[in-house]
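Okay, so here's the structure we're looking at.
The values are calculated or read from the model by the stated rules, or taken from the named source; none is laboratory data. This structure is a prediction, so every number in the text was calculated from the model and none was measured. A quick note on method: Cβ atoms are made from the backbone with ideal geometry, for glycine too, and the neighbour counts reach across all protein chains shown. Accessible surface areas use protein heavy atoms only, side chains included; no ligands, DNA or RNA. Shrake-Rupley method; radii C 1.70, N 1.55, O 1.52, S 1.80 Å.
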Amino acid sequence: QVPLKPGRSLMDWIRLTKSGKDLTGLKGRLIEVTEDELAKHNKKEDCWICIRGFVYNVTPYMEYHPGGEDELMKAAGTDGTDLFDQVHRWVNYESMLKECLVGRMAVKPIAAPKAITLHVLAAFHDLLLLMYFLTVGQCVPCRKYAFLSLLYFLFYSYDWFQTDSLITIVIYTKQKDMNAELVIVDCQDKRLRGEIIVGSYSYLVEVDLDHAVSEDVAVNIAEKVGKVEIILKKKDNNHWNTLGQPCEGHNSFIKRTDRGLFYRKCKLVSKTEVTHDTKLFCLMLPKGTHLLVPTGQHIYLKQIITGTEVVKPYTPVLPFLPLDFQEPSHHDGVHIYLMIKIYSCGLFTQALDCLQIGDYISVSNPEGYFNKSQVQTSEDLILLAGGTGFTPMVKLLNFALAEVSCLRTVKLIFFNKTEDDILWRNQLEQLALKDERFDVQFILSQPTKDWVGRQGKISSSLLSEFVKRSRKDSKVLICICGPTPFTEQGVQYLKDLGYSQEEIHAFTA
């Protein structure tokens, strides 16, 4: 993000869109835009961008864009769909830019097809290449077996059966590492949506059920064979002739980025202070939802603010930092905890802070690219956190100390402005006393004269002092999260110090 001029906040942009001012320059007309016409509008003072076949005049939005003008200019006069998806697919541009809509492209760009066939072919192409590299050097029968297994994997579907009281949907994934975090189920108002995560792809079962079911939904997983069972309780013990009416996207296997985000309404059940400006929000998932947010992944919150949909990413944390790691902690599967800093001029966080206990907010499916196997193959884990960039470190700390026996050292280097800004300081200090593998260093950029610890901002000299391998050749993973400049500078400093890209994971959303 870049600093915005006074009067250029999100709230100011919303006010401008509600003012009735002509933001397109077309006096309310919608036009068809050719590629040649789109290309002409490629300057800061005249900038059109195409997203998913719709063209927007983003010239008036330039000064309001949190990422700065230069980021918008990367797509000036072109189709910016791919760039948009890479940076912030979660943003509801249709709502944010609806007053800037110029019209449709005269010739539609090729969109992601709705039919499963082309998606499967694309997936087949990607995975076939992978299978080729995995089977090079194997005998012909082995390669044939791997090829057939891949075919079966790509074209798997679901089945269902019933008893007098239950409906069971069975999905055979053939994934031996299938677990509860890879299965997301929502069943409300007779609509069942079950999504199975398969790397960067997902398989979807979505139907309007033939009859009513209770709010209780059970998910059983046979990890060794990858079988997933979604079990529903009938409200009436009647015989179902069909499972229900298929919805758009039902029985499809496509890239997750093509599927889009799915939201459900969650209830705010508690809100407690962590520091002077940060609170711990506890949200309750609706009955009929099975959702576990994996370590290192984030969700999106969506609110309607003065008629405009606003979306922001947050990383769930634990309700507290466990000090006893005798057994892995288990998610209760009911609550999501979010540690959120309330900004005095932050439109979204101010709206969050105004929520009352019992109010609802929309919560998306998890997103993110962090893989826990990165930790499981490391000997040293180093966490660099700036302010609320501490949030992805909470579950990561818990997972590392509870479940990864090969780790020799786990170090958190926590950057804040003042002592009052340090999140869960007491818990972190207690954890350092409790577990000899764990060490925490607090670094302040605006300390009082009484502060006896280290001070400064993230720098190459500070990192060279604190970021070290426990042994000369030990495998290290360095995770970093914070404000965008903090993260970008930190990654560059680490590379300058000789750490490879594979040894660094930056949490971004």
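Some values worked out for this structure:
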{"read-out": "Candidates N416, N398 - the one that is over 20 Å from K472 (Cα atoms) and in contact (Cβ under 8 Å) with a residue 40 or more places away in the chain", "value": "N398"}
{"read-out": "Every pair of residues 6+ apart whose Cβ atoms lie under 6 Å, when the first sits in the stretch 468-489 and is more than 20 Å from D439 (Cα to Cα) while the second is open to solvent by 100 Å² or more (accessible area, probe 1.4 Å) and assigned to a loop (DSSP other than H, G, I, E, B)", "value": "T484/Q1"}
{"read-out": "Considering residues of the stretch 243-268 that are more than 20 Å from P313 (Cα to Cα) and among the hydrophobic types (A, V, I, L, M, F, W, C) only, the residue farthest from the chain's Cα centre (by Cα)", "value": "L243"}
{"read-out": "Residue among E195, E223 that alone is under 18 Å from the mean Cα position of the chain (by Cα), acidic (D, E) and not assigned by the TED database to the domain that holds T295", "value": "E195"}
{"read-out": "Residue identified as at negative phi, at pLDDT 85 or above, hydroxyl-bearing (S, T, Y) and in a helix (DSSP H, G or I) among Y61, Y56", "value": "Y61"}
{"read-out": "Qualifying position, being touching a strand residue (DSSP E or B) at 6+ places or on another chain (Cβ under 8 Å) and among the polar types (S, T, N, Q), among N179, N237, N241", "value": "N179"}
{"read-out": "Sole residue being more than 29 Å from the chain's Cα centre (by Cα), of a type outside the set (D, E, K, R) and at pLDDT below 95, chosen from S445, S470", "value": "S470"}
{"read-out": "Among the candidates V185, V213, residue that is within 16 Å of R264 (Cβ to Cβ), of a type outside the set (S, T, N, Q) and in contact (Cβ under 8 Å) with a residue 12 or more places away in the chain", "value": "V185"}
{"read-out": "Pairs, first over 16 Å from L72 (Cβ atoms) in the stretch 24-51, second assigned to a strand (DSSP E or B) and open to solvent by 70 Å² or more (accessible area, probe 1.4 Å), C-beta under 9 Å, six or more apart", "value": "L30/R104; I31/R104; E32/R104; V33/R104; E35/D79"}
{"read-out": "Neighbours by Cβ (under 9 Å, 6+ apart or cross-chain): first from the stretch 335-347, without any contact (Cβ under 8 Å) to a residue 24 or more places away in the chain and surrounded by 16 or more Cβ atoms within 10 Å (Cβ to Cβ); second hydroxyl-bearing (S, T, Y) and assigned to a loop (DSSP other than H, G, I, E, B)", "value": "G346/S9"}
{"read-out": "Matching residues, the stretch 402-421, being open to solvent by 10 Å² or more (accessible area, probe 1.4 Å) and either touching a helix residue (DSSP H, G or I) at 6+ places or on another chain (Cβ under 9 Å) or not assigned by the TED database to the domain that holds K472 (or both)", "value": "E403, C406, K411, F415, N416, K417, E419, D421"}
{"read-out": "Selection from the stretch 425-474 of residues that are hydrophobic (A, V, I, L, M, F, W, C) and not in a helix (DSSP H, G or I)", "value": "F438, V440, F442, I443, L444, W451, V452, I458, V467"}
{"read-out": "Test: residue in the stretch 350-359 that is open to solvent by less than 10 Å² (accessible area, probe 1.4 Å), touching a residue at least 40 places away in the same chain (Cβ under 8 Å) and part of a helix (DSSP H, G or I)", "value": "yes"}
{"read-out": "Matching option when the condition is surrounded by 15 or more Cβ atoms within 10 Å (Cβ to Cβ), β-branched (V, I, T) and free of Cβ contacts under 8 Å to residues at least 60 places away in the same chain, among T17, T59", "value": "T59"}
{"read-out": "Condition met for E229 (farther than 18 Å from I171 by Cα, charged (D, E, K, R) and open to solvent by 30 Å² or more (accessible area, probe 1.4 Å))", "value": "no"}
{"read-out": "All positions within the stretch 276-296 that are under 19 Å from D186 (Cα atoms) and not in a strand (DSSP E or B)", "value": "L285, P286, K287, G288, L291, L292, V293, P294"}
{"read-out": "Only listed residue being at pLDDT 95 or above, more than 21 Å from H276 (Cβ to Cβ) and either over 15 Å from the mean Cα position of the chain (by Cα) or open to solvent by 50 Å² or more (accessible area, probe 1.4 Å) (or both), chosen from D324, D380", "value": "D380"}
{"read-out": "One residue from N179, N251, N237 being at pLDDT below 95, of a type in the set (S, T, N, Q) and open to solvent by 60 Å² or more (accessible area, probe 1.4 Å)", "value": "N237"}
{"read-out": "Any hit, the stretch 301-313, residues being closer than 16 Å to M393 by Cα and either within 21 Å of the chain's Cα centre (by Cα) or exposed (fewer than 14 other Cβ atoms within 10 Å of the Cβ) (or both)", "value": "yes"}
{"read-out": "Every residue from the stretch 179-227 that is charged (D, E, K, R) and part of a strand (DSSP E or B)", "value": "D186, R191, R193, E195, E206, D208, E215, D216, K227"}
